[in-house]
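Chemist: Please find one structure pasted underneath; my questions will follow.
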Amino acid sequence: MELWEEQFFMDALKLEKLYRNCVREAADGYGLTPNEVAVLLFLSRHAPQQDTATDIASACGISKALVARSVDGLHRRGFLKGERDENDRRLIHLHLCGEGGMLAEQLKQKGRSVARQLQKGVSDEELQAVHSIMRKMQRNLDGMLEHMEGQVK
């Protein structure tokens with residue numbers, strides 16, 4: 001492994017640690033799992049266009065079983081509710097409710113604050129280049145994960 005590759009993975013681990021600490025701080029007292037946080041954030045950003053457990057599992061790379069467990073826990077605590085689709089009764093559309101919307105907003109605000117701190121001293125052109133590179137790498141990552149899941153089945 002080349003030095004830049006090793007550094008890339010070390011930086012990714014640091015970023016994950018920072019993200020988890022920020023999420024834990026923003027959700028302090030709620031006892032949320034990382035997957036429950038992912039569900040809240042996904043719904044706050046994508047509902048109602050994408051608001052089913054299948055949408056969440058697909059977009060977040062979380063198994064359907066873990067999404068179902070997370071949805072159930074959030075539902076029991078009053079953070080979200082589900083409504084059956086009138087045309088296709090198999091589909092359940094998920095909506096934030098109660099403190100769920102407020103909590104999702106706190107999590108997003110914390111994420112924005114961290115992003116602003118990370119961007120200090122970085123030009124708009126550099127940010128655009130990073131964004132472009134990360135989109136390409138994300139497509140590669142998605143393909144790798146799909147391949148791995150296909151091998152497991």
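The values are calculated or read from the model by the stated rules, or taken from the named source; none is laboratory data. Just so you know, these numbers come straight off a predicted model, no measurement behind them. Here Cβ is always computed from backbone atoms with ideal geometry, including for glycine, and neighbour counts include all displayed protein chains. Accessible surface areas use protein heavy atoms only, side chains included; no ligands, DNA or RNA. Shrake-Rupley method; radii C 1.70, N 1.55, O 1.52, S 1.80 Å.
Chemist: Residues of segment 94-113 being crowded, with 16+ Cβ neighbours inside 10 Å and either of a type outside the set (G, A, S) or in a loop (DSSP other than H, G, I, E, B) (or both), which ones?
Modeler: Listed by number, the residues that qualify are L94, L96, L103, Q106, L107, K110.
Chemist: Let me confirm something: among A12, A65, A59, which residue is closer than 18 Å to D142 by Cβ, without any contact (Cβ under 8 Å) to a residue 60 or more places away in the chain and either open to solvent by 60 Å² or more (accessible area, probe 1.4 Å) or outside any helix (DSSP H, G or I) (or both)? Step through it out loud before you land on a result.
Modeler: Details: A12 fails: either open to solvent by 60 Å² or more (accessible area, probe 1.4 Å) or outside any helix (DSSP H, G or I) (or both); A65 fails: closer than 18 Å to D142 by Cβ.
The conditions single out A59.
Chemist: Only residues in segment 79-99 that are in contact (Cβ under 8 Å) with a residue 12 or more places away in the chain and under 15 Å from Q49 (Cα atoms) count as the first member; pair them with residues that are among the hydroxyl-bearing types (S, T, Y) and part of a loop (DSSP other than H, G, I, E, B), Cβ under 6 angstrom, at least 6 apart or cross-chain, and list the lot.
Modeler: If the second residue must be among the hydroxyl-bearing types (S, T, Y) and part of a loop (DSSP other than H, G, I, E, B), the pairs left are L91/T52.
Chemist: Considering segment 101-141 alone, what residues qualify as being under 15 Å from the mean Cα position of the chain (by Cα) and touching a residue at least 60 places away in the same chain (Cβ under 8 Å)?
Modeler: Of everything in segment 101-141, those that are under 15 Å from the mean Cα position of the chain (by Cα) and touching a residue at least 60 places away in the same chain (Cβ under 8 Å) turn out to be L103, A104, E105, Q106, L107, K108, Q109, K110, G111.
Chemist: Now for a different question. Return only the number of the condition from (1) among the acidic types (D, E); (2) under 16 Å from K108 (Cβ atoms); (3) open to solvent by 40 Å² or more (accessible area, probe 1.4 Å) that E36 does not satisfy.
Modeler: Only one criterion is unmet by E36, namely (3).
Chemist: Moving on to the next point. Looking at this structure, is S44 open to solvent by 90 Å² or more (accessible area, probe 1.4 Å) and among the hydroxyl-bearing types (S, T, Y)?
Modeler: Details: open to solvent by 90 Å² or more (accessible area, probe 1.4 Å): no; among the hydroxyl-bearing types (S, T, Y): yes.
In short, no.
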